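Okay, so here's the structure we're looking at.
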Amino acid sequence: MFVLVRLDSRRMQQLHPRQVRLIDEVRQVGSLSVEALAERFGVTLQTVRRDVRLLTEAGLLARFHGGVRMPGSTTENIAYRQRQRLNDTAKRRIAKEVARAVPNGCSLIINIGTTTEAIAHELLQHRGLRVITNNLNVAAILSDHPDCELFVAGGVVRSRDRAIVGEATVDFVRQFKVDIALIGISGIEADGSLRDFDYREVSVARAILEQSREVWLAADHSKFHRPAMVELARLDHLDRLFTDAPPPPPFPQLLAEAAVQCIVAA
C-alpha cells in the first residue's frame with residue numbers, strides 16, 4: 001500500500017511502505033541514526049538517505065547530523081501521558097543506573113520529568129535519604145518510604161503533570177544545599193545547551209543547579225538534537241550524564257571538553 005503525502009503546492013509524492021514504517025520506527029523511539037535505520041530495514045545507507053531527504057522535505061521528519069527525529073515545536077512539549085509511555089524501557093534502564101550511583105545517606109533535589117519519576121521508584125530501597133522535590137509525582141512515590149525525609153516545594157501546581165513552579169518554588173529551593181541534583185531535560189542541542197519549554201520550570205531548575213554540589217542529568221537518547229525554546233544551562237554545568245545509548249556527534253566531543261562523565265545504561 002502506498003500513502004500520498006503533499007510535498008508542496010505543485011506535486012504529490014507517493015510514500016513507499018518502507019518509508020511509512022520508517023516514520024513509525026522514529027515515532028516510537030524519538031530519534032534514530034541513519035545507520036540504525038539501514039540495519040533495521042536491510043537496505044543501503046544511500047536508500048535511507050534518499051528516504052530521509054524525501055520525508056524531511058515533506059515535513060514528516062526532522063534531520064540532524066547523522067540521523068532523524070520527529071519534527072518538534074520549540075515552544076510546546078508533548079503531552080505528559082505520551083511522555084510517560086515514550087521510551088519507557090530506556091528510562092527504566094537509566095533510572096536503575098542512577099540509583100546504583102546514589103549513595104545511602106545523601107541529600108537530593110529531584111526535579112520535574114518522567115525520567116526523574118522512574119528514578120524515584122528505584123530509590124525506594126535506599127536508606128537515610130533527604131529529598132527535596134517540586135514534582136508531586138515524585139513526592140507521591142517517595143512518601144511511603146519509611147527511611148526518606150521528604151520536602152515538597154511550595155508554588156503553583158501545573159495540572160497537566162503535577163509539577164510545582166513559580167517564584168515561591170525558587171525561594172523554597174534556595175533554602176537548601178544538597179549533595180546531588182537529579183534533573184531531567186526536554187532537549188540537548190548541538191551547541192551544548194540544555195533546553196526546556198516552560199520559563200517558570202527553567203527558573204526553578206536553575207535554582208536547583210545553584211543549590212547542588214553535583215548535578216546529574218538523566219536523559220534518554222531522544223533528547224539529543226531535540227529543540228526547545230528556553231536555555232536552562234550548558235553541558236559544563238553537569239557532573240554526570242546518564243543515558244541509554246552512546247550520544248551521537250557532536251556530543252562525545254562536547255562532553256569530553258566539558259569534563260562530564262557519561263554513563264550509558266546497559
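Only the coordinates and a few stated rules stand behind these numbers; no lab work does. Keep in mind the model is a prediction, meaning the values are calculated, not measured. Using ideal geometry, Cβ is built from the backbone for each residue, glycine included, and neighbour counts are taken over all protein chains shown.
Rank-order 256-263, 123-130 by packing density, defined as the average count of other C-beta atoms within 10 Å over each peptide's residues, highest first. Numbers along the way, then the final one.
Values: 256-263: 13.9, 123-130: 15.5.
My ranking of the peptides, most packed first, is 123-130, 256-263.
Excluding same-chain residues fewer than 8 positions from Lys223, which lysines have a Cα within less than 25 Å of its Cα?
The reachable lysines, counting only those whose Cα sits under 25 Å from Lys223, are Lys91, Lys96.
Which of the listed residues, Thr169, Ile208, Phe224, is farthest toward the dipole's positive end in the chain, when Lys, Arg count +1 and Asp, Glu count -1 at the beta-carbon?
Comparing the listed Cα positions along the dipole, Phe224 ranks first.
Rounded to the nearest 10 degrees, what's the angle between the helix 199-210 long axis and the longest principal axis of the chain, both from Cα atoms, 0 to 90?
So the inclination is approximately 50 degrees.
Give the angle, between 0 and 90 degrees and rounded to the nearest 10, that separates the Cα long axis of helix 45-57 from the longest principal axis of the Cα atoms of the chain.
Its long axis makes an angle of about 80 degrees.
So, in nm, how far is label Ala101 from label His16 when the simple model puts each one 7 Å beyond its Cα toward the Cβ?
Between Ala101 and His16, the label points sit 4.1 nm apart.
Using 0.36 nm times the number of residues separating Ser159 and Asp147, minus their current alpha carbon distance, what extension gain do you get? Don't skip to the end; give the middle numbers.
On the way: separation 12, 0.36 × 12 = 4.32 nm, distance 2.88 nm.
That pair, Ser159 and Asp147, stretches by 1.4 nm at full extension.
Return the single residue from Pro252, Pro71, Pro146 with maximal mean-square fluctuation; model: Gaussian network over the chain, springs between Cα atoms under 10 Å.
For the chain, modelled as a Gaussian network with Cα springs under 10 Å, the answer is Pro146.
What's the angle, to the nearest 10 degrees (0 to 90), between helix 17-29's Cα axis and the longest principal axis of the chain?
With rounding to tens, the tilt is 10 degrees.
Pull out a ≥ b ≥ c, the square roots of the eigenvalues of the alpha-carbon gyration tensor of the stretch 80-264, then state rounded if a/c is under 1.5, prolate if not and a/b is larger than b/c, and oblate in the remaining case. Provide the component values of the computation, followed by the final result.
Details: a/c = 1.43, a/b = 1.26, b/c = 1.14.
Since a/c stays below 1.5, the shape of the stretch 80-264 is classed as rounded.
With a cap of 15 neighbouring Cβ atoms within 10 Å, and only residues DSSP puts in a loop, list the trypsin sites (Lys or Arg not before Pro) found in the stretch 158-266. Walk me through the numbers on the way to the answer.
Details: sites: Arg158, Arg160, Arg162, Arg174, Lys177, Arg195, Arg200, Arg206, Arg213, Lys223, Arg234, Arg240; in loops: Arg160, Arg162, Arg174, Lys177.
Counting only loop positions with at most 15 other Cβ atoms within 10 Å, the trypsin sites (Lys or Arg not before Pro) in the stretch 158-266 are Arg160, Arg174, Lys177.
Note the full-extension length gain between Asp239 and Val264 as 0.36 nm times their separation in residues minus their Cα-Cα distance, in nm to one decimal.
Stretched out fully, the Asp239 to Val264 stretch lengthens by 7.6 nm.
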